[in-house]
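Accompanying notes for the structure given below.
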């Protein structure tokens, strides 16, 4: 540790803030409007491709029929990933750790709610007394 | 930002990962002082959006459980129209893109392009809402309102909740256009624009889940 160098560096910083940190939803490294817009353009192109694929898979015989729901879910998860990366700019960089951890916790809760509800309700349904 | 000389030294290591403690500029370790207000505002709103997604997941769970409970009424296969769903999806996806363009325009402080992008975003959002409203009206006219079966109650709760979010987003969008017009790119207005962008992109993420789980899986069943 170089304590003297640290404090020098800290005093030289604007308003004492860590300007290297990044908020979700912002691309700062882009120097020109074209470079900043490119991320959104790539995201739009990938999203359109995945959306068209989803609608195509629905009416095709290319995919084995019982596997179509799984294919649709995989395409949806892929598109959500595209949106997170190219529209919300969630990255794996160290300055994004807080955003990624919050997202991971959200995904955990969503998974618990969805899987738990389906599991418990299917179980209750199977063990129900016949209605008549 | 670091001095230009330091920038050059960290060319292959933009986040100074390998130099934590030596340079004092590794990010995310508190060595550079607290994060700026903009970062904290974005992070706080991101937490709210994740809680909103958790709320939506409850509606999704209810829908998934009640999907087959049609009580002898119409099923999703009979009710959903893939063409309309595709049109709604296109509106929302394009509006997400134009919303991103407004963020780019804001980054480069162009009021005219920010306003134009937000306006197009609003028009596309409005088109989405009108399409969805006419869908709901048609379904209700065919006797497939929310009171027909548990499946339809869950359907209207989930899709209607998303529609309400889009309506709230449109009101917010109009407010932001007025604020940019009157107050310009003040710091607090910039923070609100960041939050609005995050909100609008998140609505599109939820719509991706809805059109897959509700409409496409419903049509394929």
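A few comments on the model shown:
- Cβ crowding within 10 Å averaged over residues, with B:186-198, A:75-87, B:136-148 ranked highest first: A:75-87, B:186-198, B:136-148
- Crossing angle, helix B:82-107 versus chain B [Cα axis fit, 0-90 degrees, rounded to tens]: 20
- P(r) histogram, all alpha-carbon pairs of the range A:81-127 included - 10 Å bins from 0, percent: 23, 35, 21, 15, 6
- Linear extension gain, residue A:73 paired with residue A:60, 0.36 nm per residue minus alpha-carbon span: 3.1 nm
- Rounded to the nearest 10 degrees, the inclination of helix B:187-210 to the longest alpha-carbon principal axis of chain B is 40 degrees.
- Shape class of the range B:60-124 from the Cα gyration tensor (axes a ≥ b ≥ c, square roots of the eigenvalues): prolate, since a/c reaches 1.5 or more and a/b is larger than b/c.
- Degrees between helix B:111-141 axis and first principal axis of chain B (Cα, 0 to 90, nearest 10): 20
- GNM top mover of B:83, B:125, B:184 - chain B, alpha-carbon springs below 10 Å: B:83
- Overall, the ratio between the Cα radius of gyration of the range A:17-132 and 2.2 N^0.38 Å, rounded to two decimals, is 1.50.
- Rounded to the nearest 500, the 222 nm mean residue ellipticity of chain B from helices alone is -24500 deg cm²/dmol, with -39,500 (n - 2.57) taken per DSSP H run of at least 4 residues.
- Anisotropy class of the range B:67-201 from Cα gyration tensor, a/c 1.5 cut: prolate
- Shape call, the range B:123-185: gyration tensor on alpha carbons, a/c limit 1.5: prolate
- You can think of it this way: the chain between residue B:48 and residue B:130 has 26.8 nm of extra reach, that is 0.36 nm per residue less the Cα-Cα gap.
Every number in this text was worked out from the coordinates using simple rules, so none of it is lab data. Predicted model only: the values in this text are computed from it and were never measured. So basically every Cβ, Gly included, is an ideal-geometry build from the backbone, and we count neighbours across all protein chains shown.
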